[in-house]
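J.: Structure provided below as structure tokens; questions to follow.
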Amino acid sequence: MQIEKTLLRLLVNRKGTVMDETMLARKVKFKAMRNALGLALSNVAYMCDTSDRTVRTWESVTSKRVVPVPDRAFDLLENCYKEHLERVRFSVDKIHEIEQKAGKKPAYVDLAYYYSQPLYRHYHRHDNGYYKIANANTLAVAAILELEGYTVNIMRAEEYYKKYTVSEFE
């Protein structure tokens with residue numbers, strides 16, 4: 001009985017507006033994508049030209065006000081998330097290619113981690129990407145490779161780029 005009351009309170013606000021399962025699922029997916037991309041509320045607020053508080057309301061399933069995630073905000077984050085998945089897949093496939101050519105797994109795989117946007121821009125001058133998303137890519141690639149039995153080293157970007165030259169990537 002207590003669970004039913006809690007669920008009812010989550011789905012109906014004080015004004016009697018009902019949050020249907022589709023809206024609830026969309027709010028949960030929006031927040032999950034934001035977290036998977038390593039983005040703070042303020043990052044999404046900036047991307048959507050709104051406030052942190054508004055983004056928090058979009059994500060909330062317990063707010064007094066039932067506010068759906070706007071299509072443009074959801075689509076923007078979903079596109080970022082899809083690009084993230086494509087980059088992760090590309091990176092993992094590259095490691096598999098290296099393994100296939102060598103006939104064995106590399107002893108280890110080094111991945112770069114960025115501590116700031118200016119640092120990211122320093123190494124990616126022609127890329128309009130965001131360092132937190134690049135780091136989310138790194139962490140996702142590391143997780144997949146570790147599950148596949150690879151040894152992964154996550155390195156500060158400065159150390160990574162000292163160790164590897166651009167010609168080694170081409």
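The values are calculated or read from the model by the stated rules, or taken from the named source; none is laboratory data. What you see is a predicted model, and the numbers here were worked out from it, not measured in a lab. Here the Cβ positions follow ideal geometry from the backbone for every residue, glycine too, while neighbour counts run over all protein chains shown.
J.: Scan the range 137-147 and give yes if some residue there is small (Gly, Ala, Ser), closer than 20 Å to LEU85 by Cα, crowded, with 18+ Cβ neighbours inside 10 Å and at pLDDT 95 or above, otherwise no.
T.: Within the range 137-147, one or more residues are small (Gly, Ala, Ser), closer than 20 Å to LEU85 by Cα, crowded, with 18+ Cβ neighbours inside 10 Å and at pLDDT 95 or above.
J.: (1) more than 20 Å from GLU159 (Cα to Cα); (2) hydrophobic (A, V, I, L, M, F, W, C); (3) under 13 Å from the mean Cα position of the chain (by Cα); (4) at pLDDT below 95: which one isn't true of ILE133, the others all being true?
T.: The one condition ILE133 does not meet is (1).
J.: While we're here: In the range 131-145, what residues are among the β-branched types (Val, Ile, Thr) and free of Cβ contacts under 8 Å to residues at least 24 places away in the same chain?
T.: Of everything in the range 131-145, nothing turns out to be among the β-branched types (Val, Ile, Thr) and free of Cβ contacts under 8 Å to residues at least 24 places away in the same chain.
J.: I need a count of the residues in the range 61-72 that are closer than 11 Å to LYS27 by Cα and out of contact with any helix residue (DSSP H, G or I) (no Cβ under 7 Å at 6 or more places or on another chain).
T.: Result for the range 61-72: 2.
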